[in-house]
Every structure is written in structure tokens, then in C-alpha cells.
Ligand code: PLP
């Protein structure tokens, strides 16, 4: 394939005509395709339907320690759930609080509590002139939405293939005590699919923040979400590494079973040091009497243990893998060698990140939409919705059926070609 930059104006104009004709054909198909959000497909949700049958009216809903799951009590979660989720999060059960149905909710609460009551006796953030968060970009729009909601200033930190630019992270946290946090998706990151290298995790654990209440928000949303059996990313466990580095309280680790069982009806958790847990429990006891223990028990009885969960994740992978491969195959076949885009090839998680030529992402997404394909809004992967180079597009292959996905990616590649030619010819 000849790179577009090496083609003459006449050649590009001719190609543009052919591509426009193809685009018109797509428009005539009245397509309704959606690749905008990282939701499991119906087929994936069906995998967990057995969970509806593990508890019946004749079952004993008593935990091993005698807790009756039908009643109030057990503020931090049932022991069995802490063991299961502990194994999933690679943290001992004693360092875990099981929450309700959403880890995003736990993250929101964590920021909210820091704003109103401070972190472990430090000044509440709402009493400070300025509070800032570092935001590795591209990143997860809903993280950025939380910090924006609280009026926290967000600073972009570029992602590299090894994780966030650690030179920048180290420098900024050391020199500015108004930086109170950093959003991280360390494994199969949203949206790049990147996993942090060992070196990156070690550097995180050894940060020397100017603010004593600086915390790493380690959102391990895709911890067990591998696509392949034999080619998986494994990270150094951050809580243990922080402890080893003399920074035991510096990290909050979040996770949920949203993309394991049912999004919105799973269980979420935080894992952190004893000091942080005590700080959190001071608020939690006013917030609720207990979370949904019946759902916790349902998860435990369904998965049994981490081995059951890993087996279950293999079934998710069998559904997701062909979809990820279809996206990558189309990108390579249609755009490889043209010099008009780059993309990631994740080994897990829910997303693939595409980077267009500078200034093209918005136009590509708009052109897709006009032909019936909804993508995540360009810019969404940056704080304030502002992608400074207008290049990043998040591709979410999980939800559409494979046949729709192939069609959608053909259309996406076509739109990318048209917009890129227009940009070059400008
Ligand atoms: N964190 C990340 C990185 C995500 O990508 C998502 C969902 O896409 C969530 C959290 C949402 O998690 P939950 O359903 O537990 O709120």
C-alpha cells in the first residue's frame, strides 16, 4: 500500500472520488451500528444467567461465620466475598471493603469524602484554593467526569506503551502539593489496552509526593479480562509494592465484577492499607448499614473461587477475541501502510485506541455517524473532552454482533481514508 503522503494530488483526488461512491453506498444501507460504549454483548451476559439459579427460596443464606445475608449487618462485606474478590484483586481479604454494584460509585465516594472530610486527617480539599489530579491520556471519560464534577483541575499526562510518562508524574507530584491524585487504569487500560510495565509500577510505588494526602487511584477494572490463554499481561501488585517502598497508604485499588457477571448488578470493592480502610469506614458507617450481601453471596456461590472466575473469563474471552481480531484485521487490511493512522493491539480489556492524522478524529466520527455508525465521541478520552491534537478515537468492539462489527469497521476505515485525504489536500 502506498502511503497517502507520497501520492500526487491527482491520484488522491481520483481515489477520493472512488471512496465517496463507496460511502454513498453505505449511506444507502440505512445502518444502525453502535460501537460507542464498552458494554458486554447479550451473548456475554447470557454466560452469567446461572447466577439467577444459585439462590432459591429453600436455600440457607447464612455465611460461614453465621451472618444471615438477608438481614442488616456486615458493613464491609461478607468474608466469603472478600476472599473471592481478594483473590481477583491479588490482595488479602483483610484489606478489602466490598461495596455495592459499581466501582465508579466507590471512586466518586472516595473523591467526595476527600473533598468534604479530607484524607486521614489532612485538610478537606474543599478548603484548599486549588486541587489538581493527573490524568494519563487518553483515558477513561468517566474518571475525568468525576474530577470535573468536583471542580478539580486536571492535568494531562501522556500515555506511553509502558504506562503514563513517569518522568512527568514524578516531577509534578514532587513539586506541587495541590496535586492530590492520579487516575490509573493499570491493566488493559481504557482506551489503549496498554498494561503498565514493571518499571512503571515500581516508579509509582516510589513516588515522593509533596502532598501527604496524594493518592494513586488504581482502577483495576480489567484485572482478569484477558483475551488469550497463553499471552497475558501480569502486573506487579501495587499495594504490596507501595508497602515495600515505604509508601503503604499511597494507593486505593478499585475493581468490580461488572464485566465478569452483570454490569450494574455486580459487586465492587476497594483494596487499600489498614489506615486508609479505617479512614473510609468512618464515613461508610454513616452512609449505609450494609451493602447487598445477598448479591455478594450469589457471586460467591456462583463462581466458587478464583478458579471458577478464571474459567468463566475464558468464556468471555472466546466471545470477545474474534471481535478484537476482526477490528485489528480490518484496520491492518484497510489502513496498514497508508500512514493515516495507528492503533493498539491489546491482549485484554474492552477497547482499542485509534489515532488518526492530527485534526481528523472529530471529522471521522462525524462522518461515521452520518452513515449510521455511532462511535465514542472524539475528545471523550481527554479531560474536558478536549483532545489537543484531535487524533484519538476509542473503538469498543464488545457489544455489536461480529457481522455488524465487520461492517462497522469497513465503514470506519472508509471514513478515515476520506477524512485523511481531505486533510492532506487542504
Ligand atoms: N473503570 C473503568 C476503567 C471502566 O472502563 C469502567 C467501565 O467501562 C468502569 C470503571 C465502570 O465500572 P463499574 O461498573 O464497576 O462502575
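Looking for something without any contact (Cβ under 8 Å) to a residue 12 or more places away in the chain, within 30 Å of residue 341 (Cα to Cα) and surrounded by fewer than 15 Cβ atoms within 10 Å (Cβ to Cβ) - is there at least one such residue anywhere in the range 26-37? Yes: one or more hits. A single entry from 260, 236 fulfils the requirement of being away from the ligand (no atom under 11 Å from the Cβ), in a loop (DSSP other than H, G, I, E, B) and at pLDDT 95 or above: 236.
Inside the range 367-405, residues that are part of a helix (DSSP H, G or I), surrounded by fewer than 16 Cβ atoms within 10 Å (Cβ to Cβ) and touching a helix residue (DSSP H, G or I) at 6+ places or on another chain (Cβ under 9 Å) make up a count of 4. Considering the range 263-285, and only residues there that are surrounded by fewer than 19 Cβ atoms within 10 Å (Cβ to Cβ) and part of a loop (DSSP other than H, G, I, E, B), the residue that is nearest to the chain's Cα centre (by Cα) turns out to be 263.
Yes/no per residue for (1) closer than 30 Å to residue 318 by Cα; (2) in contact (Cβ under 8 Å) with a residue 12 or more places away in the chain:
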{"site": "127", "(1), (2)": "no, no"}
{"site": "152", "(1), (2)": "no, yes"}
{"site": "162", "(1), (2)": "yes, yes"}
{"site": "167", "(1), (2)": "no, no"}
{"site": "186", "(1), (2)": "yes, yes"}
{"site": "209", "(1), (2)": "no, yes"}
{"site": "216", "(1), (2)": "no, yes"}
{"site": "225", "(1), (2)": "yes, yes"}
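Among the residues of the range 26-41, some residue qualifies, meaning at least one is within 16 Å of the ligand (Cβ to nearest atom), more than 27 Å from residue 424 (Cβ to Cβ) and in contact with a helix residue (DSSP H, G or I) (Cβ under 8 Å, 6 or more places away or on another chain). Residue 51 - would you say it is in the same structural domain as residue 284 (by TED's automatic domain parsing), buried (at least 16 other Cβ atoms within 10 Å of the Cβ) and more than 26 Å from residue 275 (Cα to Cα)? No, not satisfied.
Restricting attention to the range 239-257, which residues are part of a loop (DSSP other than H, G, I, E, B) and within 10 Å of the ligand (Cβ to nearest atom)? Correct list: 257 only.
When residue 87 is tested against (1) assigned to a helix (DSSP H, G or I); (2) within 16 Å of the ligand (Cβ to nearest atom); (3) out of contact with any strand residue (DSSP E or B) (no Cβ under 6 Å at 6 or more places or on another chain), exactly one condition is not met: (2).
The values are calculated or read from the model by the stated rules, or taken from the named source; none is laboratory data. The shown structure was predicted, so the numbers you read here are calculated from the model rather than taken from an experiment. When we count neighbours, we look across all protein chains shown, and the Cβ atoms used for this are built from the backbone with ideal geometry, even at glycine.
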